[in-house]
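The values are calculated or read from the model by the stated rules, or taken from the named source; none is laboratory data. Computed from a predicted structure; not experimentally measured. Heads up, the Cβs are rebuilt from the backbone with ideal geometry, glycines too, and the neighbour counts pull from every protein chain shown. Surface accessibility is based on the protein's heavy atoms, side chains included, excluding ligands, DNA and RNA. Shrake-Rupley method; radii C 1.70, N 1.55, O 1.52, S 1.80 Å.
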Amino acid sequence: MEHIENKDEFGGLSVNKGIEQPPTVNPYLKKRQKKKHYTPDEYVEGILRGDRTILSQAVTLVESSKTEHQAVAQEVIEKCLPHAGNAIRVGITGVPGAGKSTSIDTFGMHLIAKGKKLAVLAIDPSSERSKGSILGDKTRMEQLSVQENAFIRPSPSAGSLGGVARKTRETIILCEAAGFDTIVVETVGVGQSETAVHSMVDFFMLLQVPGTGDELQGIKRGIMELADGVVINKADGNNIEKAQLAQAQFRNALHLFPATQSGWSPKVLTYSGYYGLGITEIWDMVYEYMDFTKINGYFDFRRSEQAKYWMYESINENLKNHFYKNHHRETELKHMEQKVLKGEISSFIAAKRMLDEYFREK
């Protein structure tokens, strides 16, 4: 740009031309590489050699609701199935604040020190309003998250029973095929709806904290009947006496329950995650249970029953998806919904008419 001030008649003045404007895009910025799409055989090969990146991508496929992703995921699972089933599966539940994530961090470091390979499937609650999840459980596993022999996968519950992600069971198969010998499933911890987790693990651990209730709380059915072991966390400092009292109360409560199908008598232990006390005793209990159920045949029986349970669950899920994933039916549902809201028809009759129409289409 020419400046009039630079002409001869203005000899005493001088205006710099300035510098050339830089480009709006960084010229040194590398182009983003496209994500590679693997074939099912490439996924299986990567999983079997323990490639974490490919394992993570395979889990993402399993969790995806897209039809094309599901087709690839099911083929990968089928090919990984012969290499799975050799791990110990432990479910950990408890009320929010019981220290589930922190305990898994402590337990995981104990297991890795023993030469184990650990996969943690942490289920994070999904919002009923936004449908989103924070997926922040991994932030509480500071030590474990940097270990070479640990794999942590947070997943959204997506509103499924007991806060279990829709495809957690399939993810367990992939992790076992990848060589992980211990699988830990952390639940949301909402109490009596943890049946889904119980139906996919070998040992179900209930974490409790001292001073949260009396013996009557322990007698309440539901989650207590599912537990293979109860662990009282935060048994340190001023809480030691409270923890011992809670331990005695839970032991008394467990004696009032009918005998378990496995023949195992659930134990109640105290433990301090902060000071790392009682960890060895907890895992001795887990391994003792595994040996006990393998000897009496209950271990194989339970795994078979779990496989049957999830077959029926898959049928129910696919029927539900097939019913709702239809554009014509969505319009009909909205129309029927308005009739129900206006009081023109009852909810039960509306549901029956929609189902009758659905079955007629078959």
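Quick notes on this structure:
- Considering only residues in segment 321-362 that are surrounded by 11 or more Cβ atoms within 10 Å (Cβ to Cβ) and β-branched (V, I, T), the one that is nearest to T195 (Cα to Cα) turns out to be I349.
Here is a yes/no grid of residues against (1) in contact with a helix residue (DSSP H, G or I) (Cβ under 7 Å, 6 or more places away or on another chain); (2) of a type in the set (A, V, I, L, M); (3) at pLDDT below 90:
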| site | (1), (2), (3) |
| --- | --- |
| F299 | yes, no, no |
| A307 | no, yes, yes |
| Y312 | no, no, yes |
| N316 | no, no, yes |
| H322 | no, no, yes |
| M336 | yes, yes, no |
| K339 | yes, no, no |
| F348 | no, no, no |
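- In segment 285-320, the qualifying residues are those that are surrounded by 11 or more Cβ atoms within 10 Å (Cβ to Cβ) and of a type in the set (S, T, N, Q), and the one that is farthest from I173 (Cα to Cα) is N296.
- Selection from segment 107-126 of residues that are β-branched (V, I, T) and crowded, with 24+ Cβ neighbours inside 10 Å: V120, I123
- Qualifying residue in segment 253-266 (condition: in contact with a strand residue (DSSP E or B) (Cβ under 6 Å, 6 or more places away or on another chain) and not polar (S, T, N, Q)): yes
Residues are listed down the side, and each one gets a yes or a no for (1) modelled with pLDDT under 95; (2) farther than 30 Å from M224 by Cβ; (3) in a loop (DSSP other than H, G, I, E, B); (4) not charged (D, E, K, R):
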| site | (1), (2), (3), (4) |
| --- | --- |
| N26 | yes, yes, yes, yes |
| L29 | yes, yes, yes, yes |
| R32 | yes, yes, yes, no |
| Y38 | yes, yes, yes, yes |
| S56 | yes, yes, no, yes |
| Q70 | yes, yes, no, yes |
| A73 | yes, yes, no, yes |
| G85 | yes, no, yes, yes |
| A98 | yes, no, yes, yes |
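- If the condition is being open to solvent by 30 Å² or more (accessible area, probe 1.4 Å), in contact (Cβ under 8 Å) with a residue 60 or more places away in the chain and in a helix (DSSP H, G or I), then segment 263-284 contributes only T280.
- Positions within segment 201-224 being crowded, with 19+ Cβ neighbours inside 10 Å and at pLDDT below 85, in sequence order: V209, P210, G218, I223, M224
- Residues satisfying the stated conditions in segment 66-83, i.e. in contact (Cβ under 8 Å) with a residue 40 or more places away in the chain and surrounded by 18 or more Cβ atoms within 10 Å (Cβ to Cβ): A73, V76, I77, C80
- Condition check for T260: part of a loop (DSSP other than H, G, I, E, B) and surrounded by 15 or more Cβ atoms within 10 Å (Cβ to Cβ): yes
- Unique match (being under 30 Å from K234 (Cα atoms), touching a helix residue (DSSP H, G or I) at 6+ places or on another chain (Cβ under 7 Å) and among the hydroxyl-bearing types (S, T, Y)) among T280, T270: T270
- When we screen A227, A248, A259 for residues that are modelled with pLDDT of 85 or more and more than 28 Å from the chain's Cα centre (by Cα), the only hit is A248.
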